Amino acid sequence: MSDLVQLTKDNDIAIITINNPPVNALSPGVPQGISESIRKIQQDDTVKAAVLIGGGRTFVAGADINEFVKMTSGKIKRGVGLLPVLLEIEDCRKPVVVAIHGNALGGGLELAMSGHYRVAVPGAQVGQPEVNLGIIPGAGGTQRLPRLAGVEKAIEMCTSGKPVKAPEALKLGIMDRVIEGDLLAGAVAFAREVAGKPTRKTRERTEKLGTPEQNAPVVAAARENVRKRQRGLMAPLVAIDAIEAATRLPFEDGCQNEQRLFDECLFSDQSKALIHAFFAEREVSKIPDVPKETPVIPVGSAAIIGAGTMGAAIAMVFANAGIPVVLKDVDRNALDRGLANIEKNYAVSVKRGRFTQEYVDERMKLIKTTLRYEEIGGADLVIEAVFESMALKKEVFAEIDRAAKRGAIIASNTSTLNLDEIAATTSRPESVIGLHFFSPANVMRLLEIVRGRRSSKEVIGTCMQLSKKLGKIGVLVGNCWGFVGNRMFLPYIREAQFLVEEGAAPEAVDKAITDFGMAMGPLAVSDLGGLDVSYRIWREHRGQEKPGLRRAYLEDRLVESGRLGQKTGSGWYKYDAERRATPDPEVAELIRKWNAEAGTPQRKISADEIVERCIYTLVNVGAQILEEGYALRAGDIDTVYLNGYGFPNYRGGPMWYADTVGLQRVYDRICKLHLQHGALWEPAPLLKQLAEAGKTFADYQRETGQAAD
Ligand code: 3HC
Ligand code: NAI
């Protein structure tokens, strides 16, 4: 018997327990253990029914994703999968009751659906999140789920990947009972109720399936919806195909069809990229010199200095996590504006059904305002979010140093300024760290945690842990200009401008980039953030750049002509009252004029060139950052880009994407661009080194000893 699965008895009820921490993934040994248990149960006349349950914190989080990586990299062969063991469970002559706590996800839900009944605690969730990994359910999920919940709901769950809570699953027919109190005891009692009754096989149920004709409108609408909302992703469309087949084919044929489609997805570049993204996101929390055992500073309260765009939204982040927060600004008006923004944001969430009014009322009670530094004295964490000015930040940090209690963490939300210089104004630089939230802070999941030269390990470890509590993905980055995200992003935006200077229309640049999969084009993004913002940043940065580098001029001209982007109704595009963008003939004319004045030769520029130049800029700067050690791993840079900058998740992030293109090819192209466009394109030494050695960024990650996948 596999030691990952235990078989015990409670009188006439057998109990199969899966124990494969941390999430009971269906790793090798688990299906075999279940299969063996079922065989024993069939043979044991004293057993009348069985309960299948997960040990530890959850039921089953699905197939073991590590095994998929081994299959696609050729380390192991694709095995028979889970289907046979699920048939054994379903064919068991004694009722099998699956008891769920935590999650039943992917193969976990497929396993549960092969049982004859499912019971769960109220907080449990079930789902088919495979699309998030670029695959579809591969153990009969596309065939059994529509039989339990109907085609429409099955499509919704398999295409969105979103789980449903037990009470909803009960309504949908996925669950048979929600158990308050002890799950195992409740499941055993349920098993006794159904013992001796004929078993119901999910695969034989057809009452909710309907015919292909009846389902045609639902299926067509779902395809349309997926094409619009999950642009570029292959797996959700394939999942619809597999579910639709359940209405046409007998169960066995439907499963065979599902297997074929599953394999197509699994071996695709999209799936490899998404699986990389999954592991990279988990890897970021591993900091070599800050192990998990590092003592943490309890954060039971927070204070935020500056109630502007960022400060107000950061206050919501803390309130949403149940942490009381004090918001400080210079005058009553600023505080009132901040509070009004918070209330407006919450009202939108209530209107959209994301939060209830009671929930919001509770959150609002956690947010207090003040004009006095003395009132931040009790806070365990103070975050500064005042204007982006070094002089002002130094002043504010001196005040915080005076008012904050010893041991409190002091953080800055600066996006570009030197954290060490800020920290040096305090008497406790070891307590200072950067917490770079992204706008809108209450929505964006990325949090760059900026490690100063003196930041203590306790402060770093606490912020890494805190990011999870706040619902953020905390990525530790070093203290360089723009940190990781903006250090790469600003040159990317500048490259987009260069393309317009050389003859591409702004809308052609943005279209090429959104066709590549980015959430927005670089010029539309600039208009959204305000052209004056990067204008100011570049002006400040120019002093630090090597002399003689090519400089962009179009954005400067737009700003100087009062075109600041969406906020003035005009920038690279013109905007109507609903802030919808259209190409602006007037701007096109101005661009022609400015380009002629600058004497920039004009030419036709292909979409391929646009994508290469913008994306390879990210890669080249990313390689510099990696080599200089400002990011720990290539996967960390990818995580930043996937969660903060709208990089298409099915391309795995800029560094992974470069690996899939081939670093030799990327390097050769960058060398050509270097010759054509000068020093800004100087290839990063690490890129050159890896390309010449025939290696990838993933290899580099493995060799520097920090890889998981
Ligand atoms: N396979 C292998 N490892 C897994 C795993 C899985 N299915 N799910 C989680 N893990 C690992 C994580 O990598 C992490 O490892 P680490 O500690 O070494 O970094 C550890 O388990 C804990 O995971 P999290 O940090 O994510 O823990 P959380 O408590 O935050 O989240 C979770 C738990 C919601 C279960 C989340 O891990 C998750 O979403 N897992 C993936 C679920 C999924 O996609 N399942 C479908 C798999 S594909 C499948 O089943 C195909 C089938 O149809 C045949
Ligand atoms: P903002 O202009 O909206 O708000 C700044 C607030 O600080 C104002 O309410 C102002 O009254 C207040 N303030 C100024 N001096 C103060 C003082 N001495 N004491 C207390 N409050 C004071 O600015 P925003 O956009 O919120 O930016 C704040 C910081 O966040 C900056 O460092 C910025 O670089 C950074 N940031 C901004 C992002 C954005 O998209 N807006 C994204 C990520 C970081």
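Structure notes:
- Yes/no for P146 being open to solvent by 10 Å² or more (accessible area, probe 1.4 Å) and not aromatic (F, W, Y): no
- Members of the range 574-592 that are farther than 30 Å from H674 by Cβ, open to solvent by 80 Å² or more (accessible area, probe 1.4 Å) and out of contact with any Gly (no Cβ under 9 Å at 6 or more places or on another chain): K574, E578, R580, P585, E586, E589
- The set of residues from the range 292-310 being modelled with pLDDT of 95 or more and within 16 Å of ligand 1 (Cβ to nearest atom) is empty.
- Selected residue (criterion: nearest to ligand 1 (Cβ to nearest atom)) from residues of the range 429-451 that are touching a residue at least 40 places away in the same chain (Cβ under 8 Å) and more than 16 Å from L528 (Cβ to Cβ): R445
- Residue list for the range 640-660, filter: out of contact with any Asp or Glu (no Cβ under 9 Å at 6 or more places or on another chain) and polar (S, T, N, Q): N649
- V611 fulfils the conditions (1) open to solvent by less than 50 Å² (accessible area, probe 1.4 Å); (2) more than 18 Å from P522 (Cβ to Cβ) except for a single criterion, (2).
- Index of the failed condition, G571 passing every other in (1) touching a Phe, Trp or Tyr at 6+ places or on another chain (Cβ under 6 Å); (2) open to solvent by less than 20 Å² (accessible area, probe 1.4 Å): (1)
- Some residue of the range 598-606 being farther than 15 Å from A504 by Cα and surrounded by 13 or more Cβ atoms within 10 Å (Cβ to Cβ): no
- Odd one out for E395, checked against (1) under 18 Å from G308 (Cα atoms); (2) touching a Leu at 6+ places or on another chain (Cβ under 8 Å): (2)
- The set of residues from the range 353-389 being in a helix (DSSP H, G or I) and under 31 Å from the mean Cα position of the chain (by Cα) comprises Q357, E358, Y359, V360, D361, E362, R363, M364, K365.
- Single match in T617, T600, T639, T582 (criterion: in a loop (DSSP other than H, G, I, E, B), at pLDDT 95 or above and not assigned by TED's automatic domain parsing to the domain that holds G134): T600
- The lone exception for A99 - which of (1) closer than 28 Å to F279 by Cβ; (2) in a strand (DSSP E or B) it fails: (1)
- Highlighted here are the helices (runs of 4 or more DSSP H) found entirely within the range 218-288 that include at least 1 residues which are among the polar types (S, T, N, Q) and more than 21 Å from N66 (Cβ to Cβ): 251-266.
- Flag if G106 is on the phi > 0 side of the Ramachandran plot, within 8 Å of ligand 1 (Cβ to nearest atom) and surrounded by 23 or more Cβ atoms within 10 Å (Cβ to Cβ): yes
- Being closer than 20 Å to L183 by Cα and crowded, with 21+ Cβ neighbours inside 10 Å is a property that does not hold for V30.
- Against the numbered list (1) among the aromatic types (F, W, Y); (2) open to solvent by 10 Å² or more (accessible area, probe 1.4 Å); (3) touching an Asp or Glu at 6+ places or on another chain (Cβ under 9 Å), F489 comes up short only at (3).
Conditions tested, residue by residue: (1) assigned by TED's automatic domain parsing to the domain that holds D91; (2) within 16 Å of ligand 2 (Cβ to nearest atom); (3) crowded, with 22+ Cβ neighbours inside 10 Å; (4) not hydroxyl-bearing (S, T, Y).
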| position | (1), (2), (3), (4) |
| --- | --- |
| Q42 | yes, no, no, yes |
| T46 | yes, no, no, no |
| V51 | yes, no, yes, yes |
| G56 | yes, no, no, yes |
| V60 | yes, no, yes, yes |
| K70 | yes, no, no, yes |
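- Hits in the range 215-224 (condition: touching a residue at least 12 places away in the same chain (Cβ under 8 Å) and either open to solvent by 30 Å² or more (accessible area, probe 1.4 Å) or aromatic (F, W, Y) (or both)): V218, R223
- E343 of a type in the set (D, E), more than 14 Å from ligand 2 (Cβ to nearest atom), in a helix (DSSP H, G or I) and over 23 Å from the mean Cα position of the chain (by Cα): yes
- Any hit, the range 653-665, residues being open to solvent by 10 Å² or more (accessible area, probe 1.4 Å), touching a residue at least 24 places away in the same chain (Cβ under 8 Å) and over 27 Å from the mean Cα position of the chain (by Cα): yes
- Top-ranked residue in the range 114-143 [being within 11 Å of ligand 1 (Cβ to nearest atom) and under 22 Å from P250 (Cα atoms); ranked as surrounded by the fewest Cβ atoms within 10 Å (Cβ to Cβ)]: G138
- Across the range 519-558, the qualifying residues are those that are in contact with a Ser or Thr (Cβ under 8 Å, 6 or more places away or on another chain) and within 17 Å of L680 (Cβ to Cβ), and the one among them that is most open to solvent (accessible area, probe 1.4 Å) is I537.
The values are calculated or read from the model by the stated rules, or taken from the named source; none is laboratory data. This is a predicted model, so every value here is computed, not measured. Don't worry about glycine lacking a Cβ; one is built from the backbone with ideal geometry, like all the others, and counts go over all protein chains shown. Protein only, heavy atoms only, side chains kept; ligands, DNA and RNA dropped before computing areas. Shrake-Rupley method; radii C 1.70, N 1.55, O 1.52, S 1.80 Å.
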